[in-house]
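Below: one structure, written as structure tokens.
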Amino acid sequence: MRRVRLAHPADLEGFRHALRALVAEGTPPAEVLWETGPQEALPLAEAPGLADAPPLAVPRRFAELAEAVVCHSDPARFALLHEAALRLRADRRLLEDRADPLADRLLALEKAVGRDIHKMRAFVRFRELADPEGPHFVAWFEPEHHILRANCGFFIRRFANHRWTILTPEASAHWDGARLHILPGATKADAPGEDPLEALWTGYYRSIFNPARLKVAAMAGEMPKKYWKNLPEAAAIPGLVAAASARTAEMLEAGQPADLAGLAAAAARCTRCPLHGPASRTVFGEGPADARLMLVGEQPGDQEDLEGRPFVGPAGQLLDLCLAEAGIDRARAYVTNAVKHFRFVATGRRRLHQSPDASHIEACRWWLDQELALVRPALVVMLGASAGRALLGRPVTVGRERGRELGLPGGWRGFLTVHPSFLLRIENPEAAAAERARFVADLRAAQALAQARAA
Ligand code: URA
């Protein structure tokens, strides 16, 4: 049995180092005992002979997956990754095959870690400590997985100019304004109790709470009750929920303006999925807040990513032509995408489009929901399978469901058709013209439906 000791439970560097050596020496996963030591003290991989193995030739996707999966609390995570690394040598597409139990399990672990990272970003609440050296903000948080280190970059960017400490049971992170220190774990008793800022925060939460956007099920999903105990504002939630419908009516009567600009500003900081990293910017939807027609594409392309606007590249130009042929004024429609960041693979100087995964679509669905709630379109035209998946919440086959009105979860009405880039890919000129005419006919039918519903 090989014993491998990693410096801490989410020690990616140590894991990579050990994995290379284990693969090079041909040790099977069942022969390895993975241990994680107290995070601050132990060497990366202490078993002899685990030093200088060459890098593994694994797909990039594996590296991305491993980065998340090592943070999971499942004790089998290292062995599962080890097994996947071995199988990937013969089957490079293993991780795309959800029917494979190993791939399925690893992807589920990755997803759980992503959710936990997001929850921590949303639910950490700092309390100010009285400190003679100046303000020091301290938070207590209980993540489900070992995500503290993976999340420090986010908190550093957000609160770079403050001194802060996040205490968790497994480890703590302290930012002194210039450097990050990872310290031992703590208990809730180590964190400061209620402070005067708390009343301020609760008051602020009440004031920003917008009942028109309240969806209790979605809120429970986004903010599970187990997090409420450490959230000062949570005490306000039940009352706010109960009063929501009355307040919605009041706000509508008061003509409260819809706030797409605020939503776009919030989305510009979105880190819900890894796509925000390589992309240049969030490309949010655009168009009037009272549009009857909402057009939803897949994701921004290269040009959209550079310009920051949806559908301005080749597919967008073709869409504009087809909309005009169908008698639809693009300026009166709300145009957006299922995923707001460009996903690509870089090859030399080119960035090649890659379709988003279901996980990206799911992460971004939150923004689409907010756009729907603010625009309240009579009809949502889903351009292609990714948009269909985002809005219908399930995989779709465009050929089977295109061209007719569909009910969408949430009560919205939808209409599925092809994506304009499908038309751009057809090489045979006659076939391309026929498909284009069919697309224009779909757009015309959608426009008629939207007009009928809005009348
Ligand atoms: N393709 C899309 O789906 N959306 C865009 O914004 C551009 C190309």
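The values are calculated or read from the model by the stated rules, or taken from the named source; none is laboratory data. Since the model is a prediction, treat every value here as computed from it, not as a measurement. Positions of Cβ are generated from backbone atoms using ideal geometry, with glycine treated the same way; all protein chains shown enter the neighbour counts. Areas reflect the complete protein model, heavy atoms only, side chains present, ligands, DNA and RNA absent. Shrake-Rupley method; radii C 1.70, N 1.55, O 1.52, S 1.80 Å.
What to note about this one:
- Qualifying positions in segment 68-94 - over 14 Å from residue 4 (Cα atoms) and out of contact with any helix residue (DSSP H, G or I) (no Cβ under 7 Å at 6 or more places or on another chain): 73, 89, 90, 91, 92, 93
- Which numbered condition residue 390 fails, given (1) within 16 Å of the ligand (Cβ to nearest atom); (2) open to solvent by 60 Å² or more (accessible area, probe 1.4 Å): (2)
- From the options 405, 435, 401, 430, residue that is assigned by TED's automatic domain parsing to the domain that holds residue 304, among the charged types (D, E, K, R), closer than 17 Å to residue 326 by Cα and at pLDDT 95 or above: 435
- Residue 319 within 9 Å of the ligand (Cβ to nearest atom), buried (at least 16 other Cβ atoms within 10 Å of the Cβ), in the same structural domain as residue 375 (by TED's automatic domain parsing) and over 19 Å from residue 260 (Cα atoms): yes
- Residues of segment 336-354 satisfying the condition of being more than 9 Å from the ligand (Cβ to nearest atom) and among the polar types (S, T, N, Q): 347, 354
- When residue 155 is tested against (1) surrounded by fewer than 19 Cβ atoms within 10 Å (Cβ to Cβ); (2) outside any loop (DSSP other than H, G, I, E, B), only condition (1) is not met.
- Qualifying position, being under 19 Å from residue 339 (Cα atoms), open to solvent by 70 Å² or more (accessible area, probe 1.4 Å), in contact with a helix residue (DSSP H, G or I) (Cβ under 8 Å, 6 or more places away or on another chain) and more than 16 Å from the ligand (Cβ to nearest atom), among 395, 409: 395
- Of residues in segment 278-294 being assigned to a loop (DSSP other than H, G, I, E, B) and touching an Asp or Glu at 6+ places or on another chain (Cβ under 8 Å), the one surrounded by the most Cβ atoms within 10 Å (Cβ to Cβ): 283
- Residue pairs meeting the criteria (Cβ under 7 Å; at least 6 apart or on separate chains; first in the same structural domain as residue 410 (by TED's automatic domain parsing), in segment 363-386; second within 14 Å of the ligand (Cβ to nearest atom) and open to solvent by 20 Å² or more (accessible area, probe 1.4 Å)): 383/419; 384/298; 384/398; 384/419; 384/422; 385/398; 386/298; 386/355
- Of everything in segment 122-148 that is open to solvent by less than 50 Å² (accessible area, probe 1.4 Å) and among the charged types (D, E, K, R), the residue that is nearest to the chain's Cα centre (by Cα) is 125.
- Taken over segment 295-316, the criterion of being more than 7 Å from the ligand (Cβ to nearest atom) and either touching a strand residue (DSSP E or B) at 6+ places or on another chain (Cβ under 9 Å) or of a type in the set (Phe, Trp, Tyr) (or both) is satisfied by 295, 296, 302, 305, 309.
- Pairs, first closer than 21 Å to residue 293 by Cβ and assigned to a helix (DSSP H, G or I) in segment 411-435, second of a type in the set (Asp, Glu) and within 16 Å of the ligand (Cβ to nearest atom), C-beta under 9 Å, six or more apart: 421/298
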